[in-house]
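Below is one structure, written out as structure tokens; the observations come after it.
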Amino acid sequence: MLEYLDEVTPPSLHPSDPLQKALNRAWIEFTSELFVDLYRMALAGDREAFEENLAAARKKLQRLETQLAEGPFFNGAGFSLVDAAIAPAFYRISLMDGILPLSLFDHLPKVQRWSSALLDRESVRASVVPEFRDLFREYLAADGGYLGSRIGS
């Protein structure tokens, strides 16, 4: 869907260089894998499954750390489709971190700066309904998993 919107809504958020565009598409796909880890972590039934998926997410973020320059965004100064793809993951990480400290960005200063830059953008903040935080917490609590059981602890 992101690719379609980028095609029909100028200006493009992809780089104009074909090789860089292809690499960005690969990193967008990579963010999908991160979302799977975060989803499994959020709904893990016990601490062991939670920790396993937390480790998988951390490993992916460490890989991203090696790809980032000085930012503030994935490709440097300009907001790109990779940024749009990963922003929801960073938002969910911040919400989960508010329930149980995850330390996912420890020793990842570039990823931390990237996440902060994205979460500070008005377009990212406005991409969810104002009550999203509460809805997310209610969803986790209703699931009865490991993270949900930590709400209010």
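Rule-based calculations on the coordinates, nothing more; no lab input. Since the model is a prediction, treat every value here as computed from it, not as a measurement. All Cβ positions, glycine included, derive from the backbone under ideal geometry; neighbour counts span all protein chains shown.
A convex hull fitted around the alpha carbon atoms of the stretch 89-132 yields 63 Å³ per residue. Summary of the geometry: the stretch 89-103 and the stretch 1-73, compared by the centres of their Cα atoms, lie 16 Å apart.
What's the extension gain from MET1 to SER127 if we count 0.36 nm per residue and subtract their Cα-Cα distance? Don't skip to the answer; put the middle values down first.
Values: separation 126, 0.36 × 126 = 45.36 nm, distance 1.52 nm.
Result for the pair: 43.8 nm of gain on full extension.
Where Lys and Arg each count +1 and Asp and Glu each count -1, what net charge lies around ARG125 among other residues with Cβ under 15 Å from its Cβ? Net local charge, ARG125 excluded: -1.
If you take the alpha carbon atoms of the stretch 68-153 and fit the smallest convex hull around them, that volume is 95 Å³ per residue.
So if R0 is 22 Å, what FRET efficiency would GLN67 and ASP17 give, r being the distance between their Cβ atoms, rounded to the nearest 0.05? If you can, show how the numbers build up before the last one.
Details: r = 16 Å, r/R0 = 0.73.
The computed FRET efficiency comes out at 0.85.
Please say if the stretch 1-54 is rounded, prolate or oblate, where rounded means a/c under 1.5 for a ≥ b ≥ c the square roots of the C-alpha gyration tensor eigenvalues, and otherwise the choice is prolate for a/b larger than b/c and oblate otherwise? It comes out prolate by the Cα gyration axes. For the stretch 121-126, the Karplus equation 6.51 cos²θ - 1.76 cosθ + 1.60, evaluated at θ = phi - 60°, returns couplings of 6, 4, 4, 6, 4, 7 Hz by residue, with Gly and Pro reported as x. Which shape class applies to the stretch 33-95: rounded if a/c is under 1.5, otherwise prolate when a/b exceeds b/c and oblate if not, where a ≥ b ≥ c are the square roots of the Cα gyration tensor eigenvalues? Cα axes put the stretch 33-95 in the prolate bin. Pairs of C-alpha atoms in the stretch 10-149 farther apart than 17 Å represent 60 percent of all such pairs.
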